[in-house]
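Take a look at this one; I'll ask things after.
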């Protein structure tokens, strides 16, 4: 999986990807809120959008920036936001995969 490290350091670039994705406004707003939550919790991340699936790749916690090393509180807050998003919108389904020390949140929009 190719990760653009410069992109994951800049929240504005990721927000631009989400905003320009062509997804319905409802989902763009939800993803922008999630993006802000990840950024506020000091986690390096990247986003990939393919059709009805959004992949949010969590890379590391700041300031350590060691791939695969996360602060527990940051992950707890992020997973809470994802859980609440899924609870409030029954058409959204999520799953989490861990590969090569990266956490991938897959968000399926139906």
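For residues that are free of Cβ contacts under 8 Å to residues at least 24 places away in the same chain and within 12 Å of the chain's Cα centre (by Cα), tally how many sit in the range 10-39.
2
Does residue 68 count as over 13 Å from residue 103 (Cβ atoms) and either touching a helix residue (DSSP H, G or I) at 6+ places or on another chain (Cβ under 8 Å) or modelled with pLDDT of 90 or more (or both)?
Criteria not met by residue 68.
Are there strands (runs of 3 or more DSSP E) fully within the chain with at least 2 residues that are loosely packed, with under 12 Cβ neighbours inside 10 Å? List them.
Those strands (runs of 3 or more DSSP E) span 92-99.
The values are calculated or read from the model by the stated rules, or taken from the named source; none is laboratory data. All values reported here derive from a predicted model rather than from experimental measurement. Cβ sites come from the backbone with ideal geometry, for glycine too, and all protein chains shown count toward neighbours.
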